[in-house]
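Since the structure comes first, as structure tokens, the remarks are kept for the end.
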Amino acid sequence: MNQLSSSKSGPLNGNITVPGDKSISHRSLIMGSLAIGESVISGLLEGEDVLGTAAAMKALGADIYKDDDGYWHVHGVGIGGLKQPDAPLDMGNSGTGVRLLMGLVSTHPITVTFTGDDSLESRPMKRVTDPLTGFGAEFEGSDDGTLPITVKGTSNPMPIKYELPVASAQVKSAVMLAGLNTPGITTVTETIPTRDHSERIFKYFGVPTSLEGDDIHVTGQAEITAKQMAVPADPSSAAFLVVAALITPGSDIVIKNVGMNPARTGLFSTLAEMGGYISFENKREECGENVADLHVKYSELSGITVPESRAPSMIDEYPVLCAAAAAAEGETVMRGIEELRVKESDRISVMVKGLKACGVNVTEHEDGMTVSKSDVTGGAVIKTHLDHRIAMSFLVLGMIAENPITADDGSVIETSFPGFTDLMNGLGANICS
Ligand code: S3P
């Protein structure tokens, strides 16, 4: 455990980049591992979650290494070419890593055991094992559908048509990845759109993938060839800096090269509606994804009711939105976000407890929270429950608190945002161990 404390901060100023997108980094490694030839990836997130996926893909047969200039090289095995790993795959804290890989291996004739840390081993996996059973895969594990789980992949996969019962890009992607080594057409239907990085990267690597209304069709057993990938900066990591700059008087920052996939930018729309100054500059497209530079200035914010339909496009950003909400006039209402209860921690309950301990006026709902403008007294030690976004959200809140706010375990930040403390302090924050 490595405590981190954040004290009241002066203005944030500077021009910076944040680490690569976590969702796209996982998918780049996976697709490169399935392609024929050498894929070269720039901007890969080197957080623990993504390094766990790299290690898992190596154990499944891909050759992956980083060169002296920071580029990642991936030599794939071809779709259908994954090998039996020698040992269980420990996916650490990573829900995305484990769910995507369970999908992928379920249609290869191999047996793979997945484990994780205490947080991951308490998260629901039936949401992926249910549809994957339809392909013919078998699963062994505890009755409550949590890790450790052993996947017995099928040698004779059958394509499925699956309507997502929950708005989850991880479940959608698990089914799509299972479809890659399945003859015929696998169809996923999603009535509530979620991040579409898998659809985009499938097309980019040449997997026959088509969209028809709410349906996504993937034609299996294609041969895909290696690609150059440029991973944009993660908008979910940029979110902490954006909120920090908006609530800290005098701040004026630019965050370069941020992913602007429309299915990821809900927080920025919300903050703009709250009165935040966020300007999107130098808009462009790279490797099938939208990218821009964000210019953010301190702003007087007002609370709003966040539209429930926006939840999937900012699902990871509600914890840090709470810090903005504590600084915003009136009330900020966040409902329709019960999925937060099954993230790395129960993010509704953990945020509510921590906010109250810091003097923030908050009401808990079964499906969300309402946060009112508050004098943030701070002075609390927050239990982070192995949840990186809880740790970073409270360190941002500490920047406007009367007394320092301490995250009981800052080491969890390494899962998604290596270098967070130095980057924040370089802009003017006061975060120390
Ligand atoms: C992710 C999807 C989201 C998100 C997670 C990354 C992905 O999870 O919370 O951080 O890369 O597909 P759900 O699919 O469970 O909503």
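The values are calculated or read from the model by the stated rules, or taken from the named source; none is laboratory data. Values in this document were obtained by computation on a predicted structure and should not be read as measured data. Here the Cβ positions follow ideal geometry from the backbone for every residue, glycine too, while neighbour counts run over all protein chains shown. When the accessible area is computed, the model is the full protein with side chains, heavy atoms only, and any ligands, DNA or RNA have been set aside. Shrake-Rupley method; radii C 1.70, N 1.55, O 1.52, S 1.80 Å.
If we only count strands (runs of 3 or more DSSP E) wholly inside the stretch 333-430, which ones have 1 or more residues that are within 24 Å of Pro235 (Cβ to Cβ)?
368-372, 405-407
Which count do you get for residues in the stretch 303-319 that are more than 13 Å from the ligand (Cβ to nearest atom) and either in contact with a helix residue (DSSP H, G or I) (Cβ under 9 Å, 6 or more places away or on another chain) or assigned to a loop (DSSP other than H, G, I, E, B) (or both)?
Just the residues of the stretch 303-319 that are more than 13 Å from the ligand (Cβ to nearest atom), to begin with: 303-310.
Next cut, either in contact with a helix residue (DSSP H, G or I) (Cβ under 9 Å, 6 or more places away or on another chain) or assigned to a loop (DSSP other than H, G, I, E, B) (or both) only: 303-304, 306-307, 310.
Residues that pass the stated criteria total 5.
How about the stretch 143-172: which of its residues are in contact with a strand residue (DSSP E or B) (Cβ under 7 Å, 6 or more places away or on another chain) and within 16 Å of the ligand (Cβ to nearest atom)?
Answer for the stretch 143-172, where residues must be in contact with a strand residue (DSSP E or B) (Cβ under 7 Å, 6 or more places away or on another chain) and within 16 Å of the ligand (Cβ to nearest atom): Leu147, Tyr162, Glu163, Leu164, Lys172.
What's the number of the condition Gly20 fails, among (1) within 20 Å of Glu289 (Cα to Cα); (2) open to solvent by 10 Å² or more (accessible area, probe 1.4 Å); (3) not hydroxyl-bearing (Ser, Thr, Tyr)?
Of (1) within 20 Å of Glu289 (Cα to Cα); (2) open to solvent by 10 Å² or more (accessible area, probe 1.4 Å); (3) not hydroxyl-bearing (Ser, Thr, Tyr), only one is false for Gly20: (2).
Could you check, for the stretch 404-418, whether at least one of its residues is touching a residue at least 60 places away in the same chain (Cβ under 8 Å), touching a Leu at 6+ places or on another chain (Cβ under 6 Å), surrounded by fewer than 19 Cβ atoms within 10 Å (Cβ to Cβ) and among the small types (Gly, Ala, Ser)?
No, that holds for no residue.
Considering only residues of the stretch 176-207 that are within 12 Å of the ligand (Cβ to nearest atom) and among the aliphatic types (A, V, I, L, M), which is nearest to Ser28 (Cα to Cα)?
Ile201
Being surrounded by 20 or more Cβ atoms within 10 Å (Cβ to Cβ), assigned by TED's automatic domain parsing to the domain that holds Gly37 and touching a Ser or Thr at 6+ places or on another chain (Cβ under 9 Å) is the requirement here; does Ser198 meet it?
Yes.
So, Leu29, is that one assigned to a loop (DSSP other than H, G, I, E, B), within 16 Å of the ligand (Cβ to nearest atom) and surrounded by 16 or more Cβ atoms within 10 Å (Cβ to Cβ) or not?
No; evaluated as a whole, the condition is false for this residue.
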